[in-house]
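Take a look at the structure set out below.
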Amino acid sequence: MTLPKISVVVPSFNQAHFIEATLRSILDQNYGNLELVVIDGGSTDGSQAIIERYADSIEYWVSEPDGGQTYGLVKGFSHTTGDIQCWINSDDMMAPGCLAEVADFFQSRPEAEAVYGDTTWIDRNGEVLRQQKEIGFNRFIWTYTHNYIPGMSMYWRRRLYERVGGLDPAFNLAMDADLWARFADVTRIYHKRAQWSFMRFYPEQKNRAMRARSDIEEEIIHQRYWPKEGPRFLELKRLLARSLRIAARLVTGCYSFSYRRNMADSSGG
């Protein structure tokens with residue numbers, strides 16, 4: 001059976017400390033039908049030299065100012081041709097074998113258009129902090145709590161991305177939550193209990209450094225789906241959603257008290 005082409009877009013800006021590990025984690029998948037696109041926002045920290053070392057394995061790459069991450073992603077996806085798409089930030093990594101598992105999922109479920117796996121949090125040195133197991137997508141829980149889909153473990157069919165109009169550059173931090181919400185408007189979002197990525201968790205991480213702005217953008221997205229109701233009912237629904245999320249995570253074994261170290265070493269970290 002022919003492997004589906006998977007297009008991976010890597011947006012980056014001044015991430016020379018991490019980007020080689022990211023690229024290696026993708027290329028070391030040895031996936032037979034990979035299309036890798038790297039969009040660098042004009043880095044000045046040596047990132048370009050690192051990218052150039054892998055140029056023979058990259059379908060398209062550029063280093064130039066692009067107006068921010070979302071604009072860079074839009075540019076990147078415009079250069080892709082794969083049936084399956086994803087992006088992974090240049091400080092995160094793919095888990096070994098994830099692309100083969102993603103391909104198998106979509107081949108075995110031709111009706112599926114979007115799926116996410118779990119992730120493992122690591123620190124800036126690649127030391128494992130914890131496994132972040134997630135529940136399946138539930139619109140009520142997602143809308144009244146937060147975007148719990150790990151973007152670096154999310155994959156979708158190209159036709160879905162095109163049907164919803166792609167990424168919206170109006171969002172600088174919650175562009176993923178906005179896209180997932182529009183996916184969910186037209187299709188089912190699947191979840192697979194599998195560790196598909198490593199997400200770096202460190203103080204300079206964009207969403208941690210700009211948490212307040214990220215929360216504002218997520219609130220804007222969630223408000224689309226909140227009926228016109230008073231603060232009292234909104235808070236009650238938030239409380240119910242948080243309780244349901246905790247219960248669902250307990251029932252599905254998401255909480256783990258075991259910690260593993262140096263897992264990132266096996267992924268080129």
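The values are calculated or read from the model by the stated rules, or taken from the named source; none is laboratory data. The structure presented is a predicted model; accordingly, all values stated were derived computationally and were not measured. Every residue, glycine as well, gets a Cβ built from its backbone with ideal geometry; the counts of neighbours run over all protein chains shown.
Some points to look at:
- Among the residues making up the range 56-69, those that are in contact with a helix residue (DSSP H, G or I) (Cβ under 6 Å, 6 or more places away or on another chain) and at pLDDT 95 or above are Ser57, Trp61, Ser63.
- Looking only at residues of the range 146-193 that are among the charged types (D, E, K, R) and assigned to a loop (DSSP other than H, G, I, E, B), we find that the one that is surrounded by the fewest Cβ atoms within 10 Å (Cβ to Cβ) is Arg188.
- Flag if Phe106 is outside any loop (DSSP other than H, G, I, E, B) and among the hydrophobic types (A, V, I, L, M, F, W, C): yes
- In the set (1) in contact with a helix residue (DSSP H, G or I) (Cβ under 8 Å, 6 or more places away or on another chain); (2) farther than 14 Å from Ile88 by Cα; (3) not hydroxyl-bearing (Ser, Thr, Tyr), the condition left unmet by Met199 is number (2).
- Residue within the range 34-55 that is at pLDDT 95 or above, closer than 23 Å to Met154 by Cβ, in a helix (DSSP H, G or I) and out of contact with any His (no Cβ under 8 Å at 6 or more places or on another chain) present: no
- Only a single criterion out of (1) surrounded by 20 or more Cβ atoms within 10 Å (Cβ to Cβ); (2) closer than 20 Å to Leu250 by Cβ; (3) at pLDDT below 95; (4) not aliphatic (A, V, I, L, M) is not satisfied by Thr143, namely (2).
- Subset of the range 2-12 (residues that are under 23 Å from Val74 (Cα atoms) and either free of Cβ contacts under 8 Å to residues at least 60 places away in the same chain or in a strand (DSSP E or B) (or both)): Ile6, Ser7, Val8, Val9, Val10, Pro11, Ser12
- Considering the conditions (1) within 22 Å of Pro11 (Cβ to Cβ); (2) touching a residue at least 40 places away in the same chain (Cβ under 8 Å); (3) not aliphatic (A, V, I, L, M), Gln131 is excluded by exactly one of them, (1).
- Count - residues of the range 61-102 that are part of a loop (DSSP other than H, G, I, E, B), among the β-branched types (Val, Ile, Thr) and buried (at least 19 other Cβ atoms within 10 Å of the Cβ): 2
- Residue match in the range 167-186 (condition: in contact with a strand residue (DSSP E or B) (Cβ under 6 Å, 6 or more places away or on another chain) and at pLDDT 95 or above): yes
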